[in-house]
Amino acid sequence: SGAPKRFADDSGFSGSAQRRGPNFKNNHNNSWGRMGANNKVVRKTEKVCNYWVQGKCTFGDKCRFLHSWSLGEGFSMLNHLDGHQKLLSGIVLPAGMDKLFTGSKDETLRAWDANSGQCTGVINLGGEVGCMISEGLWLFVGIPNAVKAWNTQTNQEFSLSGPAGQVYAMIVGNSLLFAGTQGQSPSIIGFLQEGILAWKFNAVTNSFEPAASLKGHTLPVVSLMVGANRLYSGSMDHSIKVWSLETLQCLQTLTEHTNVVMSLLCWDQFLLSCSLDQTIKVWVATENGNLEVTYTHNEEHGLLNLRGMHDLESKPVLLCACNDNYVRLYDLPSFSERGKIFAKQEIRAIEVGPSGLFFTGDGTGFKVWKWAEPVATT
């Protein structure tokens with residue numbers, strides 16, 4: 001097929017083609033957090049010039065603050081596209097399409113031509129976009145009390161009912177679409193109803209049918225990840241639950257975070273989780289199959305989002321969005337800093353594209369970044 005390879009399908013990051021996750025071997029990698037001798041650490045005092053942002057800094061090159069949206073070597077900004085009125089909550093680049101879609105709290109979905117950077121369409125959804133993903137030909141958008149599904153080839157549109165409140169996270173695994181929802185918390189019972197819902201696509205009736213509801217979290221589910229035949233869910237109740245993708249039973253509850261678990265990522269045989277408690281935790285499976293923390297990385301700010309990608313030398317890089325309006329870039333597994341990306345507002349949306357491209361979305365639009373070709377050394 002002429003479609004480009006799915007992101008990270010041949011690598012340690014969990015892509016769509018081949019999902020990897022903690023594989024159950026006693027394989028503890030003790031190189032986490034080890035700084036290599038030649039790692040240049042970016043100084044933490046660097047700040048973007050507020051006057052430069054407003055277009056009126058008179059110091060020019062002599063200014064002691066940065067006149068740039070990023071700091072660090074090896075990547076650069078290609079474009080900055082504005083259009084949304086409020087915070088971006090999702091950016092997706094469906095496989096095999098030259099279109100990019102963005103969803104926002106301004107209740108719209110925008111389509112962009114990936115070649116020209118032009119906005120080619122706006123859809124009013126009538127509700128804030130909580131999250132969006134693409135899988136194959138499908139684009140899924142989570143809004144309050146529903147998931148909208150579009151077939152990008154036929155333009156067929158479906159509305160999947162069932163969620164109560166906002167849909168915060170979605171993922172596809174084992175031919176099921178899972179959605180993490182706000183849920184209803186009946187005061188009499190005191191626990192969450194339907195934290196995670198699942199649907200299956202029925203090709204005969206050409207519709208999405210409710211398949212399951214996974215109960216166990218006591219507050220809304222805001223992050224989901226699939227890897228190694230497991231579904232991982234992170235919640236406002238500070239816990240991560242590990243579910244079997246086959247039986248949909250909860251296998252383990254991880255309670256080491258002390259605040260909302262905002263994002264989850266599978267890399268190699270590890271699960272990475274980040275939280276508003278200012279930590280990234282790296283989990284590995286022990287011999288009995290249970291996950292335990294093998295490394296904790298501490299940040300100075302709460303963490304919002306983790307995405308993994310490879311630079312053009314195939315080195316794994318972790319993109320971490322923090323609630324100080326920065327995205328930090330780290331080499332894995334050493335966590336040595338590669339650089340920072342700045343924005344005027346929180347960056348909630350990060351997407352990874354083909355050939356070293358990646359995207360960060362903030363208050364009004366998104367920026368397009370690219371890893372530089374490695375310099376050949378003679």
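The table below lists the values:
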quantity	calculated
Any hit, segment 102-119, residues being under 16 Å from Tyr168 (Cβ atoms), in contact with a strand residue (DSSP E or B) (Cβ under 8 Å, 6 or more places away or on another chain) and not in a loop (DSSP other than H, G, I, E, B)	yes
Only one of Thr102, Thr108, Thr120 that is among the hydroxyl-bearing types (Ser, Thr, Tyr) and loosely packed, with under 13 Cβ neighbours inside 10 Å	Thr120
Answer residue from segment 221-236, given it is part of a loop (DSSP other than H, G, I, E, B) and in contact (Cβ under 8 Å) with a residue 40 or more places away in the chain and is nearest to Leu306 (Cα to Cα) among those	Ala228
Any hit, segment 336-358, residues being in contact with an Asp or Glu (Cβ under 9 Å, 6 or more places away or on another chain), buried (at least 19 other Cβ atoms within 10 Å of the Cβ) and farther than 29 Å from His84 by Cα	yes
Residues that are hydroxyl-bearing (Ser, Thr, Tyr) and either in contact (Cβ under 8 Å) with a residue 40 or more places away in the chain or in a strand (DSSP E or B) (or both), drawn from segment 121-155	Ser134, Thr152
Any chance Thr102 is more than 17 Å from Leu160 (Cβ to Cβ), out of contact with any Gly (no Cβ under 7 Å at 6 or more places or on another chain) and among the hydroxyl-bearing types (Ser, Thr, Tyr)	no
Scan of segment 237-291 for residues that are in contact (Cβ under 8 Å) with a residue 60 or more places away in the chain and either open to solvent by 40 Å² or more (accessible area, probe 1.4 Å) or of a type outside the set (A, V, I, L, M) (or both), ordered by number	Glu246, Cys266, Trp267, Asp268, Gln269, Phe270, Trp283, Thr286, Glu287, Gly289
Scope segment 154-163; condition open to solvent by 20 Å² or more (accessible area, probe 1.4 Å) and not aromatic (Phe, Trp, Tyr); matching residues	Thr154, Asn155, Gln156, Glu157, Ser159, Ser161, Gly162
One residue from Val226, Val327, Val317, Val293 being touching an Asp or Glu at 6+ places or on another chain (Cβ under 6 Å) and within 26 Å of Pro354 (Cα to Cα)	Val317
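The values are calculated or read from the model by the stated rules, or taken from the named source; none is laboratory data. It should be emphasised that the depicted structure is a prediction, and the values quoted were computed from it without experimental measurement. Here Cβ is always computed from backbone atoms with ideal geometry, including for glycine, and neighbour counts include all displayed protein chains. All accessible areas refer to the heavy atoms of the entire protein, side chains included, with ligands and DNA or RNA removed. Shrake-Rupley method; radii C 1.70, N 1.55, O 1.52, S 1.80 Å.
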